[in-house]
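Comments concern the structure below.
FYI, it's all coordinate maths here, none of it is from the lab. Just so it is clear, the structure is predicted and the values come from calculations on it, not from any experiment. Backbone-built Cβ (ideal geometry, glycine too); neighbour counts: all protein chains shown.
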Amino acid sequence: MPTPITIAVAGKGGSGKSTLAALLIHRLTQRGESPILGVDADPDGALSWYMNLEPDCTVGELKESLKGSNLPQGKAQMAQMGILQCLAEGEEFDILTMGRGQGTGCYCAVNDLTRRLLGNLAEEYRSVVVDNEAGLEHLSRGLPFKVNLLAVLCRPERMEVMSAKRIIALSEELGLDIANKALVVNQSADDAVVEISTICGLDRYVTIPRLPILEKGRISDRPPDWGKILMQVDESLDRLIDWAIAKS
Ligand SMILES: Nc1ncnc2c1ncn2[C@@H]1O[C@H](COP(=O)(O)OP(=O)(O)OP(=O)(O)O)[C@@H](O)[C@H]1O
Ligand SMILES: [Mg+2]
């Protein structure tokens, strides 16, 4: 299979990252870009819940069980099987949960191994969507992915816009392999967007309107009905996906 189309989503906590990641996964499915790997790389995130697929364990837990200064052959095989346990499988998409970062001890060998295994795993998919935390921790250290598009989210609020600007700068400082970047202004009417894109220095941007269906469902014990929401935001999702494909 060719290199997957990879879209990474980042933004301040609560800006709408997991919502956008879930919408992108469903839109990629509709566009025939499956199988899709969704990576929940935000320890405070809930991509697996949004996608209704809960894994048995996280990559962080797997690393914890395998850490140590050397990795004999048996552990490498255990890691390979363990990665599959961290994968919750659906029909068109699977969700991998990275989980918490590491505690004390020696993780070098296991980090190298899991990076390699995750790189191999991603090659089995046609597209990959990564839901990141604001520090891009997993993208810089744990995930060996070339990113076609980094979609940076913010709501039209000063603190979120400044956070988006910092994330864009951080992605450059970390030297991440990112072909293209776009701004996603969430819960926004169009009027503030040009100013926000100027502040962030990105000329590619889309907006997502405030969606009452999401507001009503905030304390529901079930994930949103993505089918209904997709119809309202498909143009913005398509622009993001097209920018990602153009650079793949
Ligand atoms: N366009 C929108 N309109 C209305 N509500 C929205 C919209 N986008 C997201 N939300 C709501 O905002 C809340 C936060 O969204 P989400 O969980 O996607 O953010 P997040 O950035 O992933 O948060 P966290 O940093 O906690 O992981 C959720 O209740 C979600 O339903
Ligand atoms: Mg989230």
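General observations
- Efficiency of FRET between GLN30 and GLU157 - r from beta-carbon atoms, R0 25 angstrom, step 0.05: 0.20
- Phi-derived couplings, Karplus 6.51 cos²θ - 1.76 cosθ + 1.60 at θ = phi - 60°, listed residue by residue for the range 95-110: 10, 10, 10, 6, x, 6, x, 8, x, 8, x, 9, 10, 4, 5, 6 Hz, with x used for Gly and Pro.
- What you get for the range 38-158, charging only the Cβ of Lys and Arg (+1) and of Asp and Glu (-1), is a dipole of about 600 debye around the Cα centre.
- Pair-distance profile P(r), taking every C-alpha pair of the chain, with 10 angstrom steps and integer %: 7, 33, 36, 18, 5, 0
- Dipole magnitude of the chain about its Cα centre (Cβ charges: Lys, Arg +1; Asp, Glu -1), debye to nearest 20: 420
- Listed from fewest to most Cβ neighbours within 10 Å, the set MET78, MET159, MET231, MET51 follows the order MET231, MET159, MET78, MET51.
- Within the shell of other residues whose beta carbon sits under 10 angstrom from the beta carbon of ALA79, the net charge comes to +3, with Lys and Arg scored +1 and Asp and Glu -1.
- Taking the fewest neighbouring Cβ atoms within 10 Å as the starting point, the ordered list for VAL110, VAL185 is VAL110, VAL185.
- Alpha-carbon centroid distance for the pair the range 100-120 / the range 196-218, whole angstrom: 34
- For the range 128-248, the direction-averaged projected area of the alpha-carbon convex hull comes to 8.2 nm².
- Two-site label geometry, GLU92 and ILE199: point separation in nm, points 7 Å out along Cα→Cβ: 3.5
- Normalised contact order of the chain, rounded percent, pairs of Cα under 8 Å and 6 or more residues apart: 27
- Build a GNM of the chain with springs between Cα atoms under 10 Å apart, and of ASP221, ASP234, ASP44 the one that fluctuates most is ASP221.
- Evaluating 6.51 cos²θ - 1.76 cosθ + 1.60 at θ = phi - 60° for every residue in the range 27-37, the Karplus couplings come out as 5, 4, 4, 4, 8, x, 8, 9, x, 10, 9 Hz, glycine and proline recorded as x.
- ASP56/ARG141 FRET efficiency (R0 30 Å; Cβ-Cβ; nearest 0.05): 0.80
- Listed peptides 126-132, 9-15, 235-241 appear in the order 126-132, 9-15, 235-241 once ranked by packing, highest mean of other Cβ atoms within 10 Å at the front.
- Label-to-label distance, nm, for residues given as CYS108 and ASP191 (7 Å Cα→Cβ offset): 5.8
- Spatially close Lys pairs in the chain, defined by Cα atoms under 12 Å apart and a spacing of eight or more places or different chains, total 6.
- Here the residues THR97, THR29, ranked from fewest to most Cβ neighbours within 10 Å of their Cβ, fall in the order THR29, THR97.
- The convex hull defined by the C-alpha atoms of the range 113-184 has an orientation-averaged projected area of 4.9 nm².
- The dipole here belongs to the range 111-184: it is taken about the Cα centre, uses +1 on the Cβ of Lys and Arg and -1 on the Cβ of Asp and Glu, and is about 140 debye.
- In the range 1-147, the inverse of the mean reciprocal separation of distinct Cα atoms equals 15.2 Å; this is its Kirkwood hydrodynamic radius.
- FRET E, pair ALA76, ILE245, Förster distance 45 Å, beta-carbon r, rounded to 0.05: 0.85
- Cα long-axis angle, helix 158-173 against the chain (0 to 90 degrees, to the nearest 10): 50
- DSSP bridge pairs, the range 83-207: antiparallel proportion in percent, nearest 5: 25
- Couplings for the range 13-18, taken from phi via the Karplus curve 6.51 cos²θ - 1.76 cosθ + 1.60 with θ = phi - 60°, read x, x, 6, x, 4, 5 Hz in order; Gly and Pro are left as x.
- Chain lengthening between ARG100 and GLN232 when straightened (0.36 nm per residue, less Cα-Cα): 44.1 nm
- Residue of ILE167, ILE229, ILE208 that the Gaussian network model of the chain assigns the largest fluctuation, springs spanning Cα pairs under 10 Å: ILE229
- Adding -39500 (n - 2.57) for every DSSP H run of four residues or longer, then dividing by how many residues the chain holds, sets the calculated 222 nm ellipticity at -13500 deg cm²/dmol.
- GluC sites (Glu not before Pro) lying in DSSP loop within the range 83-172, provided at most 10 other Cβ fall within 10 Å: GLU91
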